[in-house]
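Accompanying notes for the structure given below.
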Amino acid sequence: MTSEEIYNILQTKFGDKILGFESELPVESYIVADPMAIKDICLYLRNDENLKFDTLMCLSGVDDANGEKSKDEEDMDVITGGTLSVYYNLDSIELGHKINLKVSTPREDPKVESVESVWKCADWHEREVFDMFGTVFLNHPDLRRILMPEDWEAGYPLRKDYKNPEFYQGMKIPY
Amino acid sequence: MGLLDREFNESNIVIAKTEDLFNWARLSSIWQLSFGLACCAIEMMATSASHYDFDRFGVIPRPSPRQADAIIISGTVTLKMATRIKRLYEQMPDPKYIISMGSCSNCGGPYWEHGYHVLKGIDRVIPVDVYVPGCPPRPEALLEGLLKLQDKIRHETLRKKTA
Amino acid sequence: MALKTEEIVLNMGPQHPSTHGVLRLVVELEGELIVNVKPHIGYLHRCFEKHAEAMTYPQVIPYTDRLDYLASMSNNLGYAIAVEKLLKIEIPERVEYIRVLMAELQRIASHLVALGTYGVDIGAFTPFLYCFRDREKILTLFEMTCGARLLYNYIWVGGLSHDIHPDFQRMTKEFVEYFRPKIVELNELLSFNKIFIERTANIGILPVETAVNYGVTGPMLRASGLKWDLRKNDPYSIYDRFDFDIQVGKGEMGTVGDSWDRYFVRVQEMEESLKIIEQAIDQIPEGDVHAAVPRRVKPPKGTVYSRTENPKGELGYFIISDGSVNPARVKVRGPSFVNLSVLAELSKGHLVADLIAILGSTDIVLGEVDR
């Protein structure tokens, strides 16, 4: 099944929870969904007889960096407003089709519903996105930092306006 | 120290300085902590395996820091790992030696600029005896590093510790 | 009076000889039985994704080498394919053949390390020496091609960094001749060894539904009995031209999806890789390997998720291009990262000593788990 057909199915089923379909991009198209409805959508995508998306290939957080850019007193970039996104790449091993989903959340208060209960694979992926971007996944059973140390206080490293601290536990970080 | 080896062939009484005897014993059986960090650890494994055979220099991996003489920092040291390496180092009995293997543990390597979670050189945490450059160093380079370390041990004195 | 018991928490790693790197496992035990395992990762987090954002597209390739450092060629290949999808360029035939050869040689080299170190984990040291002896032969082939032993930076966007050495074809054929009997030797030495089977059969059984739900891929998924190989199911490069089988676990020594199956699937895959190499080595067409290498890589705006079959499983690159020379976002879906997350599920109810056998059979590389 093509992404367009799946988009039509989802739109009749979920109505205004499906926000759009981006297909002009080269290579891959996206179905944009409501971050608070993503779990229901994913559950439907997994369980429906004609769709059967049984694996989550990849879940990536992205800093869209589309907010207002300014400089602080140390001449470092600061971004206010705009969005943080999460991309889901789904695959059906049984039926052999693929689909991509995208949700966007405001940068100041990023909240997305967790799909951990749909695919266990999402557990660590979501923890990684939380660690790197600060996106909060609601109803995630164990949302902690995964890669960075648990006492890391300097924010979320993969955000575009991230500033690295000078010291961590007495060790100098910059070269 | 070749002199001491020859002495054994000719007679069964050896007269040598305590220092030389100690140093000879130490440099001939450097037991390394079997501890791999990253890419360089694979080259370290290759060095201990059949083709390059680390064992002929008396280097045997020991899993416990309390039985180890040397530690080869083989790979990128991250901030999360640095505190643990320090503890491993502190657990080793004296005399202890450190070979820093590869660019990452020498100075941060390719991660020096944007590595927000990479320690730029293990010498910021523990003292290093021999630096082996390369990314990753070939097994021959690591062997050369070991020979350099042996050379260093050979000239140690009991009166003052150099490392 | 009832005997009072309590659970103990055991810390394994980050420095432990059998954790294959700097992995820390917090094991909850009831006596010798494992109640739960919590892997703690991130001890080798080298900020790959931040680096990728700061580099131009071709500059990222040396960093991909260092993800799964046992399979650098395959990482290069996956990244090059992803960027080529964004650029939409045609690759010369000669390049495609050389890439497949390199990827398959790399698969054998990676599996040799996996099998050798697995033997060490179980307590058999000799197979390690045998495996590394054979791996050196492959490294010699790589070294004569690109000058490096471990991290190659060989497969570039649109081409290769060098053409192959004139002797490469002859020496690869010699290697195939040499290596076939060595697989038999490894089987006699380790695979069908009674002690080895006792330690691994029926240990850490992974049912196929759990594997799919956890997103497990590669030899681990195939050992659970599912015929799923991206080289066949979602062909990339020119893999559709070669004749080879997908090896799956059959539960010969115990149950389908146990540790022995995971081990043996890798042994059989080396045989399949040899088949591909034999077919490809004589067909390399003449041509230039630099023909399609773009001077300035500047893909149009867009996103791509491209996946390839690495020795460890599905390696995915998710790249967002904003139309400039630097990628806006590169996310790596490392197979080891996902395969490790199923560890708790695998080891519940087993003994502590079996945890080593289970962890070794997952064949993780921490460089890719932490990136």
Tell me, how many Å apart are the Cα centres for region C:61-136 and for region C:191-260?
18
With Kirkwood's inverse mean 1/r over C-alpha pairs for Rh, give me the Rg to Rh ratio of region A:111-163, two decimals please.
0.98
Between C:GLN283 and A:TYR44, what is the label-to-label distance in nm when each label sits 7 Å out along the Cα-to-Cβ direction?
4.5
Order of A:VAL115, B:VAL118, C:VAL37 under a 10 Å beta carbon neighbour criterion, fewest first
C:VAL37, B:VAL118, A:VAL115
Within region C:12-58, GluC sites (Glu not before Pro) in DSSP loop having at most 14 other beta-carbon neighbours inside 10 Å:
C:GLU32
Between 0 and 90°, nearest 10: helix B:39-48 axis offset from chain B longest Cα axis
20
Let's test this: bin the Cα-Cα distances of chain B at 10 Å from zero up to the farthest pair and state each bin's percent.
11, 38, 33, 14, 4, 1, 0
Fewest-first sequence of A:ASP75, B:ASP53 by Cβ atoms within 10 Å of each Cβ
A:ASP75, B:ASP53
Starting from the exponent 0.38 and prefactor 2.2 Å, build the expected Rg for region A:3-172 from its residue count and divide its actual Cα Rg by it.
1.14
Would you please give the FRET efficiency between A:SER70 and B:ARG124, computed as 1/(1 + (r/R0)^6) with r the Cβ-Cβ distance and R0 = 25 Å, to the nearest 0.05?
0.15
Aspartates and glutamates near A:LYS98 by alpha-carbon distance under 14 Å, same-chain residues fewer than 8 away left out - which ones?
A:GLU4, A:GLU5, A:GLU28, A:ASP54, C:ASP234
Divide the volume of the convex hull of the Cα atoms of region C:37-119 by its number of residues and quote the answer in cubic angstrom per residue.
122
Alpha-carbon centroids, region C:316-355 and region A:101-175: separation in whole Å
15
Stokes-Einstein diffusion coefficient of the protein assembly as shown, Kirkwood radius over Cα pairs, 4 °C, 1.567 mPa s, in µm²/s:
49
Using alpha carbons only, what's the Rg to Rh ratio of region C:46-370 with Rh from Kirkwood?
0.97
HN-Hα J couplings of region B:92-103 from phi, Karplus 6.51/-1.76/1.60, θ = phi - 60°, integer Hz, Gly and Pro as x?
6, x, 6, x, 10, 10, 10, 10, 8, 9, x, 4
Under the 7 Å Cα-to-Cβ spin-label approximation, C:ASN187 and A:ASN164 lie apart by a distance in nanometres of 5.1
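Quick note: the coordinates plus some simple rules give every number you see, no bench work behind them. The model shown is predicted, which means the values in this text are computed figures rather than measured ones. FYI the Cβ positions are ideal-geometry reconstructions off the backbone, even for glycines, and counts take in every protein chain you see.
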